[in-house]
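Okay, structure first, notes after.
The values are calculated or read from the model by the stated rules, or taken from the named source; none is laboratory data. Computed from a predicted model, the values in this text were never measured in an experiment. No Cβ is skipped: glycine too gets one built from the backbone with ideal geometry, and neighbour counts run over all protein chains shown. Note: accessible area is taken over every heavy atom of the protein model, side chains too, but ligands, DNA and RNA are not part of it. Shrake-Rupley method; radii C 1.70, N 1.55, O 1.52, S 1.80 Å.
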Number of protein chains: 2
Amino acid sequence: MVNMCMIYNPTTKEVLVEDKTDVAWKFGHTFPGGHIEKNEGLYDAMVREVYEETGLHVSHLESCGTVEWFNQDPLYRRLGFLYRTSTYSGTLKQSDEGKIYWMPLADLNEQNTAESFMKFLRIFTDPHAVDATSPVMNGSLTIIPKEAPK
Amino acid sequence: MVNMCMIYNPTTKEVLVEDKTDVAWKFGHTFPGGHIEKNEGLYDAMVREVYEETGLHVSHLESCGTVEWFNQDPLYRRLGFLYRTSTYSGTLKQSDEGKIYWMPLADLNEQNTAESFMKFLRIFTDPHAVDATSPVMNGSLTIIPKEAPK
């Protein structure tokens, strides 16, 4: 299980992005996140990951929804949990996993973000987009329901 | 994995409740929900469960958060996914699993709801309460973080 957090500054309309350099398929801008430990609650895991990657302590997380990648044989799903917050404190530090900086939310696009990231962004920003699925691991994600209005 | 949906009518300020009669620990009011099939997406599972139990078709689900019950030996977690919506159509039908009717949201309390339900209700209604955990299966739930303001 994995997670990702959109940290949004409503005054500047900027989000905190990472430019991942350690994982090939993650090239491009993405948000802080990582893996949830087996014995760790989902909220605590998100707070921990953001702190480890950015040095910021986040609170008042809101639930945005989920992404689901299915493996068919054997059948199981990998789950991703998406949160957002505008409440944070501490000093931004750089991470071994890539450069971290603020950029305007409106500047994120297909070209400058990681694989599938714009589907994630839809879930982060549209209250009625709460799930995206792929029938294969690391496959292309489809927002569910497919006909959901913006 | 399980799910539960708060169906809210903003005009009447009522929610759709079930009075579960088939499961001892569920005595008292609760919301529609059930089990997620292993090969079923989370959104589709919630729509299906509501339809099966109430006859209503829901859409425009919002993500409220999660509940987590941990089993310690062997270590695993059972996950519950909570959604809410005010968009529904169809005709209310009764279910074998208990009577279903509308009641004022404000009338739900510790006395007339199922075990742990008021913790669920906090997650359904407080955007900053998005997770509740129990260190044991079916144990008492704690909202995380414990100090989260209302």
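Side notes on the structure shown:
- For chain B, calculated [θ]222 nm from helices alone, where every DSSP H run of n ≥ 4 adds -39500 (n - 2.57): -4500 deg cm²/dmol
- Centroid-to-centroid separation of the range A:33-59 and the range A:110-150 [C-alpha atoms, Å]: 22
- Bins of 10 Å, starting at 0 and running to the largest distance - Cα pair percent for chain B: 11, 42, 38, 8, 1
- Binned Cα-Cα distance frequencies in the protein assembly as shown - 20 Å width, integer %: 33, 58, 9
- Highest-MSF residue in chain A out of A:93, A:119, A:38 [GNM, Cα springs under 10 Å]: A:38
- Springs join every pair of Cα atoms under 10 Å in this Gaussian network model of chain B, and among B:120, B:31, B:70 the largest mean-square fluctuation is at B:70.
- Only Lys, Arg (+1) and Asp, Glu (-1) charged, at Cβ; the range A:2-137 dipole about Cα centre in debye: 160
- A probe of 1.4 angstrom, applied to the heavy atoms of all protein chains, finds residue B:51 with accessible area near 130 square angstrom.
- For residue B:136, the accessible surface of its heavy atoms amounts to roughly 80 Å² (probe 1.4 Å, protein chains only, rounded to the nearest 10).
- Amide H to amide H, with H built 1.01 Å from N, residue A:131 comes under 5 Å of A:66, A:144, counting only residues 5 or more places away or on other chains.
- Greater than 20 Å apart at Cα, pairs in B:99/B:119; B:93/B:119; B:20/B:119: B:99/B:119; B:93/B:119
- For a straight C-alpha distance cut-off of 13 angstrom, the aspartates and glutamates reachable from residue A:38 (same-chain residues fewer than eight places away being disregarded) are B:68, B:73.
- Inter-probe distance in nm under a simple model that places probes 7 Å from Cα toward Cβ, at residue B:136 and residue A:110: 5.3
- Considering only A:71, A:109, A:39, the mean-square fluctuation computed in a Gaussian network model of chain A, springs between alpha carbons under 10 angstrom, is largest for A:39.
- Solvent-accessible surface (1.4 angstrom probe) belonging to residue B:60, in square angstrom, nearest 10: 60
- Loop-resident sites, the range A:71-150, for GluC sites (Glu not before Pro), counting at most 12 other Cβ within 10 Å (DSSP): A:110, A:147
- 5 angstrom amide H check on residue A:55, placed H, neighbours 5+ away: A:93
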